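Single-structure report; data block below.
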Amino acid sequence: MAIFTFFNVAVSLTALLLSRRVYWEATTGARQRAFKRQHGCLPPKRYVSRVPILGLDTMVKIFQAFSQHRIMDFWRGAMTDQHAHLMGFVILGNELFLTDDPENVKAMLATQFSTWSIGKQRMEQMSEFLGNGVFTTEGAAWKHSRDLIRPCFEKSQVADFSILEDHTSQLISRIPSDGSTIDLQPLFQDLALDIATEFLFGRSTHCLRPDHDEDVKKFIASFEYCQQPQASDKPRRFKTLKVILSTFLPDRALKKHIKVVKDFADKIIDSEITSRSSTSQSSSPPPSRYVFLDELLSQTTDRTVLRSELLNILLAARDTTASLLSNVFFSLSRHPATLSRLRSEITSQIGSAQPTYQHLKDLKYLSAILKESQRLYPIVPMNSRQALQDTTLPHGGGPDGQSPVFVPKGGLVAYHPYCMHRRPDIYGPDADVFEPSRWMDNEHDSAPLRPGWAYLPFSGGPRVCIGQQFALTEASYVVVRLLQTFGEVESRDSEPWREKITVVCTGLGGCKVGLKKGSAV
């Protein structure tokens, strides 16, 4: 009797699945096939999986590579093996796409902008600790957040170096001048947070001061945890398994860290509100510059809105610049000839004077160094978009990869600046080498490098990073000031660069160097 019942259930379930499939083929399937024919779409090359329906082996390889801090090279190797610039693969039965084709990236970020979303899952995950702001919203809400931020990065704001000088001087005081080994990466993170909070909120966290508020350190630890709980660089047994489990199981510690982050933001807001109420508006001088938090408070008193906008902009202002600076000094310390040439440029253009905005604009070789650092070590090495409707990407289909590829509504496409920035057919056979002169005119036999959408340090299209000029100016200023102060910069780490990926990407090993004061520039 039990066997008969089981047989009936199995038959019924099979019939239900077949009926559902027949219905899908007659409706959605027919529509998609017609769409593909209309647009000349051909199937892309696919990542070879031993379990093609579920892709379980692919998923294990991805988690393993991530836990070993080599996920970027894993995907780069997979596309190289397939001789493809767009590749399909399956995870848990869902077909996904990966591309490093500039035209595909351009389509998603610019020419077909309204067809693509940043993705529901991404918005839900990030808004859990950031709230709703410029990184976690779309449409009118995103545009409003962006319009609030825009005045912060006008030239009159960016060219005021008083804040940069104060905090860079504090940084220099924290660096041993006798050549002792120091990791600059955490110091750059503190510097970026100090500058960002004063620039955007009117008051600094002063992380670099010896008497800094301990709440700031707790906030930093929790903020980093929230960005990617499974990205810890601490040695672990069975680390790959723990990374997998942390992705699918509830994280009991996350809520505690989210509370620390929100409490810290509320503290900044409360401090500003108290300061406003205790100061007579009539006796207060007009503000000398645009302060993001002041503008927010003039528009709303909603605590959730204030906190969300504050945390969203703080994420970008701290982590991106700190990562860039760390990567620059990681590279300079390992390339003495590049460092020497940069010193010569600074000596001839500025000497020992405090740099001005125009000085920094005239440092062409420094600009090339920043570009090359962002090429090899992009701050956001991988991103994604989700199709809002049935659509196509211009390249990737067919044996030669030159035909359009069909992407169904809800389809997820990851685009890979790390791979794209290292393509030999775009950047030459030395694409893996740190060589800033590739960005300088008249230094190669070939035409000057103009990679267009093949170079994506600050994203592109309507969502291009609004603070990119400030980030580059801040990084340039700090590089100049450090090289004006320290005559020697030596690498104290023989390990190759490996990624540590959270919302952004930093060097896993930090930036361990030795610096000595002396005849600098």
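Mind checking whether some residue in segment 345-366 is among the aliphatic types (A, V, I, L, M), without any contact (Cβ under 8 Å) to a residue 24 or more places away in the chain and farther than 20 Å from Glu103 by Cβ? Yes - at least one qualifying residue is present in segment 345-366. The set of residues in segment 390-404 being touching a residue at least 24 places away in the same chain (Cβ under 8 Å) and over 20 Å from Ile118 (Cβ atoms) consists of Pro394, His395, Gly396, Gly397, Gly398, Gly401, Ser403, Pro404. At least 1 residues being β-branched (Val, Ile, Thr) and surrounded by 18 or more Cβ atoms within 10 Å (Cβ to Cβ) is the threshold, and among the helices (runs of 4 or more DSSP H) wholly inside segment 322-383 those reaching it are 336-349, 364-376. Go through segment 156-208 and give me each residue that's hydroxyl-bearing (Ser, Thr, Tyr), closer than 18 Å to Thr485 by Cβ and either buried (at least 18 other Cβ atoms within 10 Å of the Cβ) or within 24 Å of the chain's Cα centre (by Cα) (or both). The one that is hydroxyl-bearing (Ser, Thr, Tyr), closer than 18 Å to Thr485 by Cβ and either buried (at least 18 other Cβ atoms within 10 Å of the Cβ) or within 24 Å of the chain's Cα centre (by Cα) (or both): Thr168.
Please tell me if Trp497 is of a type in the set (Phe, Trp, Tyr), touching a residue at least 12 places away in the same chain (Cβ under 8 Å) and in a helix (DSSP H, G or I). Answer is no for this residue.
The residue pairs whose first member lies in segment 41-62 and is free of Cβ contacts under 8 Å to residues at least 40 places away in the same chain, whose second member is hydroxyl-bearing (Ser, Thr, Tyr) and in a loop (DSSP other than H, G, I, E, B), and whose beta carbons are closer than 9 Å, counting only pairs six or more residues apart or on different chains, are Gly55/Tyr47; Gly55/Ser49; Leu56/Ser49; Asp57/Ser49; Thr58/Tyr47; Thr58/Ser49. Where helices (runs of 4 or more DSSP H) fall wholly inside segment 68-165, the ranges with 1 or more residues that are farther than 30 Å from Leu296 by Cα and without any contact (Cβ under 8 Å) to a residue 12 or more places away in the chain are 71-82. Taken over segment 85-97, the criterion of being surrounded by 21 or more Cβ atoms within 10 Å (Cβ to Cβ) and more than 24 Å from the chain's Cα centre (by Cα) is satisfied by no residue. Among the listed residues Gln354, Gln349, Gln358, identify the single one that is of a type in the set (S, T, N, Q) and farther than 25 Å from Gly467 by Cα. Answer to the selection: Gln349.
No value in this document is a laboratory result; all are computed from the given coordinates. Predicted model, so just to flag it, every value in this text is computed and none were measured. Virtual Cβ from ideal backbone geometry, glycine too; neighbours counted across all protein chains shown.
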